[in-house]
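For reference, the structure is listed below as structure tokens.
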Amino acid sequence: DRTPLARLSHPIAVEYVDVQGPDGVYRKYRCLIAGESGVTRHLMISSHWEVRPKSRVRTDATREEELEYLNRPDPNLDALKRARRALGLDLVAFDYSYDRLGRLIVWEANPYPDLSFPHHPAMKNPA
């Protein structure tokens, strides 16, 4: 077969899901699930659709929003624990956002997450 897809050794399909918030920024949440315990890891807020530390918006307001997320149980904890069990993993970090209808959009279930602490002074609590 000479179709373009036949030439691909590992084809994938990708769907773009718009998760830009009404305030014009993008949020990526991370929650670690270990067994039946969950720990909120970070909330990155970015002006770019691919949320990475380099494009992170760092203001007093975004810091406060992240600290609010970090200091309470993840709102999706039960669903994420069920997903961990379904994946058969002991430890997994879920990266997720919400679409414009408020639905949970999971970007990644990472069984080998980075467990380091943030180095940026703005993301550390004062002593």
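For Val57, the residues 5 or more places off, or on other chains, whose built amide H falls under 5 Å of its own are Ile45, Ser46, Ser47.
The residues of the chain expose on average 70 square angstrom of accessible surface per residue, using a 1.4 Å probe on protein heavy atoms. At full extension, Val106 and Asp60 could sit 13.9 nm farther apart than now, given 0.36 nm per residue minus the alpha carbon distance.
Between Trp107 and Asp95, Tyr96, Ser97, the built amide H atoms are under 5 Å apart, and every one of these is 5 or more places off in sequence or on another chain. For the range 1-50, averaging the sequence separation of C-alpha pairs within contact (under 8 Å, six or more residues apart) and dividing by the residue count gives a relative contact order of 28 percent.
Which of the following values of Rg and Dmax of the Cα atoms in Å was calculated from the structure shown: (1) 17.4, 56; (2) 14.2, 48; (3) 16.9, 65? Comparing each candidate, only (3) matches the computed number.
Across the range 74-89, coupling constants 3J(HN,Hα) worked out from phi with the 6.51/-1.76/1.60 Karplus curve, θ = phi - 60°, read 4, x, 10, 3, 4, 5, 5, 5, 4, 5, 4, 5, 5, 7, x, 9 Hz, and Gly and Pro carry x. Within the accessible surface of the chain, defined with a 1.4 Å probe on protein heavy atoms only, the carbon and sulfur portion equals 56 percent.
The longest part of the chain holding none of the exposed loop GluC sites (Glu not before Pro), meaning those outside H, G, I, E and B in DSSP with at most 13 other Cβ atoms within 10 Å, is 51-127.
Look at the dipole of the range 1-116 built from charges on Cβ: of Pro4, Val14, Leu80, the Cα furthest out on the positive end belongs to Pro4. Across the options Met44, Leu104, Leu91, the greatest Cα extent toward the positive end of the charge dipole of the chain (unit charges at beta carbon of Lys, Arg, Asp, Glu) belongs to Leu91. Dividing the mean sequence gap of close Cα pairs (under 8 Å, 6+ apart) by how many residues the chain holds gives a relative contact order of 23 percent.
Only the Cβ atoms of Lys and Arg (+1) and of Asp and Glu (-1) were treated as charged; on that basis the dipole of the chain about its Cα centre amounts to roughly 240 debye.
Per-residue 3J(HN,Hα) values for the range 3-9, derived from phi via the Karplus relation 6.51 cos²θ - 1.76 cosθ + 1.60 with θ = phi - 60°, read 5, x, 5, 5, 7, 8, 7 Hz in sequence order (x marks Gly and Pro). About the centre of its Cα atoms, the range 52-118 shows a dipole size close to 200 debye [charges on the beta carbon of Lys, Arg (+1) and Asp, Glu (-1) only; nearest 20 debye]. If you plug the beta carbon distance of Ala13 and Leu67 into 1/(1 + (r/R0)^6) with R0 = 30 Å, you get a FRET efficiency near 0.20. Among the trypsin sites (Lys or Arg not before Pro) in the range 1-63, those placed in a DSSP loop whose Cβ has at most 10 other Cβ atoms within 10 Å are Arg2.
The values are calculated or read from the model by the stated rules, or taken from the named source; none is laboratory data. Just so it is clear, the structure is predicted and the values come from calculations on it, not from any experiment. Neighbour counts run over all protein chains shown; Cβ positions are idealised from the backbone, glycine included. To get the accessible areas, we keep the full protein, side chains included, count just its heavy atoms, and leave off ligands, DNA and RNA. Shrake-Rupley method; radii C 1.70, N 1.55, O 1.52, S 1.80 Å.
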